[in-house]
Amino acid sequence: MQQIQDILYTQGFGTRRVCTGLVQQGYVSVHGQIVTDAGAAFDPQGLVFHVQGQPWAYHEKAYLMLHKPAGMECSHKPSAWPSVYTLLPAPLRQRPNKGAVVGVQAIGRLDQDTTGLLLLSDDGAFIHRMSSPRHHVPKVYEVTLQDPLQAAQVARLLAGVVLNDDPRPVRAAACEARDGHHLSLTLTEGKYHQVKRMIAAVGNQVQALHRSRMGALVLPGDLAAGQWRWLRAEEVAALRG
Ligand code: URA
């Protein structure tokens, strides 16, 4: 059991003082009843409460997927384009961690012009697990090419190409031509601009880039660009592997 003021705080509804105030001023309801006693205790697991009429489902840790649209940066402090974090409701951006307001973090950034599957979480161990190069989580990218694809380019991507920041070659774990200008590329590392640099290294150019999959998780066809949803427990378990 946990006090409602603490439940609100853990879910990102503001400072402890703000959360106490929200309850005392009658903005919070649980099981259809307004709760004004900030110390009233509830079992948080599976709890759906309302704040100012808006439902919120309690999640001990946040695991989300976002369909990133083009023209947005995966940064809390974007330099030129709006931040993907503006697509999320405020509580997800304000979840506390060890007393500090940190909110959820993107797991591996996508470029401003890249679309597709972006995972976000506030679970440090999970973020590390998913982004650590040691764990080789496969990421699948759908690449639209500027120039016609050549068989030799596929062969070189699979064999390995050298990028300018590391003498060790990086190779695609899989590379399937879809048609003359499209290929599906699977990478297990996450170097800066890796797809664009690998494609450039084999003499072509990326015209459009879309991430369709991370590990066991495929971007669902019914999640439109700009939309997000909670991951289901079994999806998180499958990603943990
Ligand atoms: N590789 C890139 O070049 N850009 C991305 O956004 C992701 C992978």
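The values are calculated or read from the model by the stated rules, or taken from the named source; none is laboratory data. Note that this is a predicted model, so its numbers are computed, not measured. Neighbour counts run over all protein chains shown; Cβ positions are idealised from the backbone, glycine included.
Of note:
- Of all residues in the range 193-218, those being free of Cβ contacts under 8 Å to residues at least 60 places away in the same chain and part of a loop (DSSP other than H, G, I, E, B) number 4.
- Number of positions in the range 41-60 that are more than 16 Å from D6 (Cβ to Cβ) and in contact (Cβ under 8 Å) with a residue 60 or more places away in the chain: 1
- Yes/no for D37 being at pLDDT 95 or above, under 16 Å from the mean Cα position of the chain (by Cα), assigned to a loop (DSSP other than H, G, I, E, B) and not small (G, A, S): no
- Matching residues, the range 138-151, being over 14 Å from the mean Cα position of the chain (by Cα) and either surrounded by 11 or more Cβ atoms within 10 Å (Cβ to Cβ) or not assigned by TED's automatic domain parsing to the domain that holds L187 (or both): P138, V140, Y141, E142, V143, T144, L145, Q146, D147, L149, Q150
- Whichever residue in the range 132-162 is among the β-branched types (V, I, T) and within 14 Å of S184 (Cα to Cα) and, among such residues, is farthest from the ligand (Cβ to nearest atom): V154
- For V195: the one exception among (1) out of contact with any strand residue (DSSP E or B) (no Cβ under 6 Å at 6 or more places or on another chain); (2) within 12 Å of the ligand (Cβ to nearest atom); (3) among the aliphatic types (A, V, I, L, M): (1)
- Hey, W81 of a type in the set (A, V, I, L, M, F, W, C), closer than 26 Å to V18 by Cβ and either surrounded by fewer than 18 Cβ atoms within 10 Å (Cβ to Cβ) or more than 13 Å from the chain's Cα centre (by Cα) (or both) or not: no
- If you go through the range 39-59 and keep only what is under 27 Å from M214 (Cβ atoms) and either touching a helix residue (DSSP H, G or I) at 6+ places or on another chain (Cβ under 8 Å) or of a type in the set (F, W, Y) (or both), you end up with W56, Y58.
- Conditions (1) surrounded by fewer than 16 Cβ atoms within 10 Å (Cβ to Cβ); (2) in a strand (DSSP E or B); (3) without any contact (Cβ under 8 Å) to a residue 60 or more places away in the chain; (4) within 13 Å of the ligand (Cβ to nearest atom); number of the one not met by E189: (2)
- Among the residues of the range 86-105, none qualifies, meaning not one is at pLDDT 95 or above, crowded, with 16+ Cβ neighbours inside 10 Å and of a type in the set (S, T, Y).
- Filtering L163, L187, L149 for residues that are closer than 29 Å to M65 by Cα and not charged (D, E, K, R) leaves a single hit, L187.
- Options P96, P82; residue that is farther than 26 Å from D222 by Cβ and either touching a Ser or Thr at 6+ places or on another chain (Cβ under 7 Å) or away from the ligand (no atom under 16 Å from the Cβ) (or both): P96
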